[in-house]
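Here the structure is laid out as structure tokens; the discussion comes afterwards.
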Amino acid sequence: MKKLLFTFVSFALFIQAFGQWVDISPTGDQITKLWFKNSQEGFAAGHKIQYTNNGGQNWTELEYFNEQIEVYTCLNNNCYAGINTITNKYIIYSSDNWITYDTIFQCSSQINCIKPISINEIFVGTYNGLLHTNDGFITIDTLLQGTISSILNIQDSIFFAGNYRSFDYGLNWTPLSVGVNSFGTFNSSNNIVSGFDFFTIYFSGDYGTTWSTYPVPTSQGYFEPGDVLFLDSLNILACGPRYHGNYSIMEPGYQYLILSTDGAQTWNPVFYQTTPYDTDQMNSFVYFPNDTIFVCGSNKVLRTYSPLTNSPEQFSDNSDLNLFPNPVSNLLTIYNKNNTHDIFTIIIYNNQGNIVKQISTLQPDNTVNVIDLPAGIYLVKISAKDTFKCKRFVKL
């Protein structure tokens with residue numbers, strides 16, 4: 001079907017908090033989900049499907065639906081939208097930017113997430129289980145029972161769904177050691193897997209084998225994250241609703257975006273919506289490492305290009321400071337190319353954000369003895385004058 005295209009220009013509202021956040025919200029819609037192909041080209045879905053090719057500065061309406069889209073994702077040019085009403089739960093599909101579209105699957109249970117692997121192979125998470133098709137929904141298998149709120153695919157063969165993990169492309173599944181309800185946005189730059197439920201955030205740096213837990217800051221009124229993004233083991237973003245009434249009866253609250261720079265020990269608000277929401281929450285991040293972060297809420301889309309910590313400027317990533325060997329058993333060497341930086345302090349954090357070693361004077365050969373540290377993943381903060389660099393290493 002042919003449609004007129006309407007272009008909306010969003011006005012930038014600059015929010016200064018740990019970095020410069022820009023309001024790039026499309027006009028006139030309750031946004032449910034974002035999907036970006038890269039930092040410039042993406043979609044915002046609600047009742048409308050809107051498209052941008054300049055990082056959200058301008059949006060073009062592609063299609064309008066009477067029902068609210070609750071799930072949205074794409075694989076290359078193939079896009080999928082999930083709609084749940086009282087009487088119908090179904091997936092619609094388009095391969096031409098919604099000039100035409102078709103219903104490709106109707107479901108008896110609420111659709112929570114869609115993960116296309118190819119044009120024919122698709123995973124669907126529902127309230128009643130994880131569904132899988134290899135032939136474009138001609139035949140459907142149920143792989144897991146129970147509620148599947150999100151599906152995460154990392155490193156090609158590794159899948160997470162519900163409270164399960166698969167190492168063989170979703171053929172066989174084993175339960176996780178923690179009670180994850182939903183998975184956070186995957187950080188592909190350092191393979192951090194995160195999850196959450198109403199009151200707990202989970203962190204894994206080893207593909208879900210071991211987990212650290214962090215409490216959601218309920219004492220500050222924050223509950224039920226909509227999404228969690230670990231930039232590293234210390235810098236964490238979370239978004240969701242902040243309840244202003246009685247949580248037990250689910251009174252409306254305020255959308256929020258909060259940041260921790262110390263491994264979830266303390267949290268600071270980056271943004272909150274001053275008008276109570278009554279239908280949805282801030283619920284998804286889109287992350288392009290070392291480039292852009294987007295976050296979406298029921299009537300708000302924000303973007304930042306800036307570092308998210310209030311710390312001094314970091315060294316450049318093509319860096320003249322590196323660690324070896326990595327993994328390490330005893331002596332960790334800090335490679336200081338051409339003696340570019342005068343190193344003043346070394347602080348090592350474990351994957352729970354706690355300081356486990358602090359050194360103010362380096363050995364002449366720039367080595368740090370880590371033989372006393374338990375095996376695991378660590379973050380080392382190398383400070384030099386008014387700058388610092390964070391590097392990760394594995395202790396054997």
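The values are calculated or read from the model by the stated rules, or taken from the named source; none is laboratory data. Worth saying up front: this structure is predicted, and the values here are computed from it rather than measured. We place every Cβ from the backbone using ideal geometry, glycine too, and count neighbours over all the protein chains shown.
Candidates in the range 167-185 are the residues that are crowded, with 19+ Cβ neighbours inside 10 Å and part of a strand (DSSP E or B); of these, the one that is farthest from the chain's Cα centre (by Cα) is Ser182. Could you list, in sequence order, the residues of the range 56-78 that are surrounded by fewer than 19 Cβ atoms within 10 Å (Cβ to Cβ) and not in a strand (DSSP E or B)? Matches in the range 56-78: Gln57, Phe65, Asn66, Glu67, Gln68, Asn76, Asn77.
Selection of the range 27-45 for residues being without any contact (Cβ under 8 Å) to a residue 40 or more places away in the chain, out of contact with any strand residue (DSSP E or B) (no Cβ under 6 Å at 6 or more places or on another chain) and more than 16 Å from Asn77 (Cα to Cα) yields only Gly28.
Among the criteria (1) part of a loop (DSSP other than H, G, I, E, B); (2) within 17 Å of Phe285 (Cβ to Cβ), the one Ile201 does not fulfil is (1).
Of the residues making up the range 354-390, just one is modelled with pLDDT under 70, part of a strand (DSSP E or B), more than 15 Å from Leu234 (Cα to Cα) and not hydroxyl-bearing (Ser, Thr, Tyr), namely Ala384.
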